[in-house]
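Structure first, commentary second.
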Amino acid sequence: QGENLLYCFEVAPAQLSLTQVTQCRTEGSTRGPAAVPRLALDVMACEVLRVLQLTDTALAPISYLVPRKSVQDFHEDLFPDCVGTLPATNAQAWWAGDSQQVRRVSLHPARRPTETFTSPVIVDTRLQTADTGPTSTDANTDTDQSVSTWAARDDYSLPSSLASPGSATTSLSASTGPSSGFASSPSQKSLQNILGPSSRFRHAQGRVLHRDSHLTNLPGLSLTTPGECDGFCANQQRVALPLLSAGGQIAVLELSKPGRQPDAAVPTIQNGAAVADLSWDPFDPRRLAVAGEDAKIQLWRIPEGGLQGTLQEPEAVLRGHTEKIYSIRFHPTASDLLVSSSYDMTVRIWDLSAAQEALCLQGHTDQIFSLAWSPDGKKLATVSKDTRLRLYEPRRSTEPQQEGPGPEGARGARLVWVCSGDYLLVSGFDSRSERRILLYRAQALPDGPLSVLGLDVAPSTLLPFYDEDTSVVFLTGKGDTRVFLYEVTPEPPYFLECNSFASSEPHKGFVFLPKTVCEVREVEFA
């Protein structure tokens with residue numbers, strides 16, 4: 001009472017835990033709350049809870065909806081049978097030992113109970129002369145038809161244990177007034193003790209910057225880059241975008257020149273073959289490595305001040321793979337080192353100063369979905385279609401040092417090193433195509449994952465980006481509108497949920513800029 005925050009928790013008896021599902025800010029201070037009976041919910045709109053909030057001047061309904069693709073059907077997984085309105089016994093029978101339970105009834109609109117119960121009039125001579133009041137009747141009518149006018153403002157993910165069996169993990173949206181930042185309340189510390197750990201960054205807010213900083217009127221972009229590629233790449237100075245036109249053209253645009261791009265031809269690199277993956281050198285912002293479907297890697301050098309016309313001659317060409325290349329990654333600590341994976345099921349490390357292959361790693365039996373250097377540059381991890389994770393130490397052996405079970409699904413996977421390089425986070429699919437993230441201890445891959453978290457059902461692989469300063473991982477897929485945020489910790493429960501970010505339209509690609517471009521005075525961390 002007197003507060004303007006409403007918390008919603010999931011009680012999980014199996015884990016003996018409370019999990020915060022959502023927190024919403026109400027427009028006025030609460031004088032008292034009341035939950036509407038389940039029989040009065042709008043089940044066809046997937047309304048699972050409605051709270052009436054009493055303020056100084058109003059009674060405000062707050063509706064909780066679980067978004068589902070179809071609102072034509074009754075979702076039985078959301079609405080189990082609930083307690084009906086007919087008593088199971090009477091007072092005399094209860095005193096005599098009768099313990100029957102109230103019969104449960106269906107919430108399905110077509111199977112709603114029609115019987116009603118009216119308490120008998122109490123015979124009392126003092127009341128007979130004043131018996132003018134109405135008798136109590138069934139109060140199951142839904143008098144609130146205005147809930148639909150409350151717009152759902154924010155989406156919060158629901159713990160996977162609340163998801164329906166075999167379906168997507170749903171999100172729960174609280175229909176209230178505008179959601180703003182976190183405000184601490186006196187009960188917060190006691191809640192913290194009950195709930196266990198929560199992320200320090202759970203209230204991180206993602207926002208789209210002003211249109212003045214956007215690059216618009218982009219030429220025809222290639223949206224057919226392989227799933228192993230991020231779709232484009234950027235560094236602190238410029239962005240490289242594969243184009244739809246023939247010949248593997250790549251537009252190179254300067255981030256220092258935002259706004260509407262000219263209708264005339266944009267400056268491009270003529271790669272010669274369709275682009276499979278591309279990456280900027282982290283130590284040389286003018287060098288771009290491009291892997292083509294012709295099994296070659298070409299190194300391009302952007303002129304000082306940016307590309308003006310068409311670049312046709314690469315600085316170097318790396319040959320060695322016998323089939324199309326999946327992905328390329330620069331080494332995080334050493335200059336002139338690049339690793340690549342290919343359909344020929346090999347991983348090759350290249351010495352760029354000599355423009356030749358330095359080492360070929362063996363051991364893969366199927367398509368290599370993703371590979372990543374450890375932060376210290378000593379180890380290389382891969383995840384492949386044969387559902388195996390492999391860990392290499394290239395300076396010691398060309399065979400894997402460790403192997404372990406990866407995600408079950410064969411649709412795609414990504415991996416990233418987390419927690420100072422002691423753990424591996426893998427995003428992939430289960431056998432039912434649910435997207436999930438798995439956490440492994442890097443020194444114990446054969447033991448399997450420490451933790452598995454199911455997120456939702458969608459066709460695209462989740463692309464993980466890890467911010468090592470905050471230990472927050474960002475996850476989204478091509479064609480998604482939502483970015484999941486989790487703080488990753490080396491202790492249980494391992495994944496601490498933060499506010500997710502929703503964009504107005506699906507993104508075709510998603511990359512993060514170097515940390516040096518963040519506006520630290522506004523506490524921007526990614």
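Quick look at the numbers
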read-out	value
Selection from the stretch 388-420 of residues that are outside any strand (DSSP E or B) and under 19 Å from LEU361 (Cβ atoms)	GLU393, PRO394, ARG395, ARG396, SER397, THR398, GLU399, PRO400, GLN401, GLY406, ALA413
Meets criteria (open to solvent by less than 30 Å² (accessible area, probe 1.4 Å) and at pLDDT below 95) for GLU408	no
Among (1) closer than 29 Å to PRO405 by Cβ; (2) open to solvent by 40 Å² or more (accessible area, probe 1.4 Å); (3) at pLDDT 95 or above; (4) among the β-branched types (Val, Ile, Thr), the one test that VAL317 misses	(1)
The listed residue being touching a Gly at 6+ places or on another chain (Cβ under 9 Å), open to solvent by less than 40 Å² (accessible area, probe 1.4 Å) and of a type outside the set (Ser, Thr, Tyr), out of VAL472, VAL488, VAL483	VAL483
Residues of the stretch 8-28 that turn out to be open to solvent by less than 50 Å² (accessible area, probe 1.4 Å) and more than 23 Å from CYS82 (Cβ to Cβ), as a count	6
Residues (among the polar types (S, T, N, Q) and surrounded by fewer than 17 Cβ atoms within 10 Å (Cβ to Cβ)) located in the stretch 63-84	SER70, GLN72
Odd one out for PHE9, checked against (1) of a type in the set (Phe, Trp, Tyr); (2) under 30 Å from PHE495 (Cα atoms); (3) free of Cβ contacts under 8 Å to residues at least 60 places away in the same chain	(3)
Test: residue in the stretch 241-249 that is assigned to a strand (DSSP E or B), open to solvent by 10 Å² or more (accessible area, probe 1.4 Å), modelled with pLDDT of 90 or more and within 26 Å of TRP373 (Cβ to Cβ)	yes
Flag if ALA60 is on the phi < 0 side of the Ramachandran plot and either of a type in the set (Asp, Glu) or at pLDDT 85 or above (or both)	yes
Residues (open to solvent by less than 20 Å² (accessible area, probe 1.4 Å) and either not charged (D, E, K, R) or not in a strand (DSSP E or B) (or both)) located in the stretch 267-279	THR268, ILE269, ASN271, ALA273, VAL275, ALA276, LEU278
Any hit, the stretch 88-101, residues being surrounded by 13 or more Cβ atoms within 10 Å (Cβ to Cβ), of a type in the set (Ser, Thr, Tyr), part of a loop (DSSP other than H, G, I, E, B) and touching a helix residue (DSSP H, G or I) at 6+ places or on another chain (Cβ under 9 Å)	no
Of all residues in the stretch 355-380 being assigned to a loop (DSSP other than H, G, I, E, B) and open to solvent by 50 Å² or more (accessible area, probe 1.4 Å), the one that is nearest to ASP294 (Cα to Cα)	ASP366
Pairs, first under 19 Å from ILE302 (Cα atoms) and at pLDDT 90 or above in the stretch 252-271, second among the acidic types (Asp, Glu) and open to solvent by 30 Å² or more (accessible area, probe 1.4 Å), C-beta under 7 Å, six or more apart	PRO258/ASP212
Candidate set from the stretch 194-233 (those that are polar (S, T, N, Q) and open to solvent by 90 Å² or more (accessible area, probe 1.4 Å)); member that is modelled with the lowest pLDDT	THR224
Among (1) at pLDDT 95 or above; (2) buried (at least 16 other Cβ atoms within 10 Å of the Cβ) - the single one PRO446 does not satisfy	(2)
Residue that is modelled with the highest pLDDT, among those in the stretch 501-510 that are assigned to a loop (DSSP other than H, G, I, E, B) and open to solvent by 40 Å² or more (accessible area, probe 1.4 Å)	PRO506
Condition met for SER460 (in contact with a Gly (Cβ under 9 Å, 6 or more places away or on another chain), over 22 Å from ALA204 (Cα atoms) and polar (S, T, N, Q))	yes
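The values are calculated or read from the model by the stated rules, or taken from the named source; none is laboratory data. If you're wondering where the values come from, they're calculated on a predicted model, not measured in any experiment. Cβ sites come from the backbone with ideal geometry, for glycine too, and all protein chains shown count toward neighbours. When the accessible area is computed, the model is the full protein with side chains, heavy atoms only, and any ligands, DNA or RNA have been set aside. Shrake-Rupley method; radii C 1.70, N 1.55, O 1.52, S 1.80 Å.
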